[in-house]
1. Which of 208, 264 comes first, and how do the rest follow, when ranked by fewest Cβ neighbours within 10 Å?
2. Which of the residue pairs 89/372; 194/409; 125/205; 230/365 have a Cα-Cα distance greater than 21 Å in the structure shown?
3. What's the extension gain from residue 359 to residue 35 if we count 0.36 nm per residue and subtract their Cα-Cα distance?
4. For the stretch 406-450, compute Rh as the Kirkwood radius over C-alpha pairs and then the Stokes-Einstein diffusion coefficient at 10 °C and 1.306 mPa s; write the answer in µm²/s, rounded to an integer.
5. Each residue of the stretch 216-232 in order: what ³J(HN,Hα) in whole Hz does its phi give by Karplus 6.51 cos²θ - 1.76 cosθ + 1.60, θ = phi - 60°, with x for Gly and Pro?
6. Let me understand the stretch 166-241 better: what is its radius of gyration from the alpha carbons, and its Dmax, in angstrom?
7. Averaged across orientations, what area in nm² does the convex hull of the alpha carbons in the stretch 116-225 project?
8. Using Cα centres only, tell me the gap between the stretch 391-450 and the stretch 143-165 in whole Å.
Amino acid sequence: MTYIHDTIVRLQKTSPAQAEFYQAVEEVLDSLQPILETSEQYKRHAIIERIVEPERQIMFRVPWVDDQGNVQVNKGYRIEFNSALGPYKGGLRFHPSVNAGIIKFLGFEQIFKNALTGLPIGGGKGGANFDPKGKSDGEIMRFCQSFINELYRHIGPTTDVPAGDIGVGAREIGYMFGQYKRLTGNYDGVFTGKSLLWGGSLVRKEATGYGCVYFAQYMLEAKGDTLAGKRCLVSGAGNVAIYTIEKLYQLGARPVTCSDSSGTVYHETGINLETLKELKEVRKVRLNEYVTAHPEAKFIPAADYPADGNAVWRIPAELAFPCATQNELSEADAQALVANGVIGVSEGANMPSTQDAVEVFLDAKICYGPGKAANAGGVATSQLEMAQNASMQRWSFEEVDEKLKVIMKNIFLSASGTAAEFGEPHNLVLGANIAGFRRVADAMIEQGVV
Ligand code: NDP
Ligand code: 2IT
């Protein structure tokens, strides 16, 4: 399709060296072919040209002093991508791999994900190339304060509302909120994922993982199947992976793996959730320590992974939940999963499957829930946190969880209904991209050329 090619060539010139961003754009544009070819108005209003260009990108220096008294400098980002549907909303990622292209791909995905939730939130993302691993609490605090010394002027409860992502959890949100409050004097809902002590919402911590499992449940239900008794592979060992595993147990499934950048744990009788939480939420140590507590489990070091992929996806199972990071599941991994009889994949992470891997899943016609649909429970519950903050209310765990379930169900129905409308009922990539896009594009048209 020439417009896809033309758009990517243009982006390569105007935004050079942003491979993950081109990948995300290409996937969305590919799905949009059926509507772009028939709709004159999207062309006339230059929706594609506008939607791939962020409304604003902020890049800034983040200087801080480490425990040895040395000055360190990181690079901070906030990309305010699209505000057609509401204030910019999306997480902050602190990881050494962060660069403008990674934040841009995440921000781009966020636009359509947030639109799919049906809630009034625009798309944004931010972060820094800061590595939280091995840093003391004091170093984390000083970094967060310096980060906010610049970012505070760009965010606000009705303009841009950050949350967590990789490397950013309740502790970091706490330090950032504290500094924001000190600089502005405002005690307002400018972040989500806050502590329950001071404005956080019940279920936000669990929401991405729980939502990703609810999404798998709805995909299976539509085929007359359930999660009960299913062997599941989960990658990652952070916020999303932990609460994916928790919900899988609650719904009668058996998660047998988890992983971090050091390697994969394979525990045939099922991952011990208590041990995992102790290692990752409390002690914040590497996953190889898991086998000390459970010698019957196997640890596969990352150095022993196959050259063309990730060991976690080579273990036979019926369901797979990629919950670590982008492009963690290769074409060869997807082929191995399908050959081993996988019936469903629900993505907790953002863009974890490469484009070729996605093709393998679609060709095999298994249940495949792309990240922007399957992991939208996190940001949706963030919006529920914003709603509680704005109305000075506090909802119970059950109330928020029920709303989360309804939102995930509606996302599934919207993606699958749209996929069916375009004659490819199993293709939730097509369904999710078109359903999300239409909401944003129609709002942009109604708001004029801005
Ligand atoms: P965490 O920081 O809590 O955990 C990330 C996990 O993924 C860790 O186990 C980490 O291992 C692993 N990981 C991260 N980067 C790499 C890498 N380059 N190679 C191998 N392993 C890696 O983050 P979250 O659980 O919050 O996020 C996981 C994914 O879910 C991300 O893609 C994020 O964008 C997405 N997501 C998160 C949401 C949220 O609400 N938190 C909402 C929607 C999506 P290690 O510690 O060794 O680096
Ligand atoms: O990728 C994501 O959707 C998130 N990291 C959560 C964003 C949010 O604002 O809760």
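1. Values: 208 30, 264 25.
In order of increasing Cβ crowding within 10 Å: 264, 208.
2. Numbers: 89/372 14 Å; 194/409 25 Å; 125/205 18 Å; 230/365 19 Å.
Check vs 21 Å cut-off fails for 194/409.
3. Numbers: separation 324, 0.36 × 324 = 116.64 nm, distance 2.05 nm.
Net length gain for the segment: 114.6 nm.
4. Numbers: Rh = 11.0 Å.
D, rounded to a whole number, is 145 µm²/s.
5. Computed from phi, the couplings for the stretch 216-232 are 4, 4, 5, 5, 5, 4, 5, 9, x, 10, 9, 7, 4, x, 7, 7, 10 Hz.
6. Taking only Cα atoms of the stretch 166-241, I get Rg and Dmax of 17.3, 54 Å.
7. Numbers: hull surface 35.4 nm².
Result: a mean projected hull area of 8.9 nm².
8. Their Cα centres are 26 Å away from one another.
Bear in mind that the values in this text are calculations on the coordinates, not laboratory data. Quick caveat, the model's predicted, so the values are computed rather than measured. Reconstructed Cβ throughout: ideal geometry from the backbone, glycine too, with neighbour counts over all protein chains shown.
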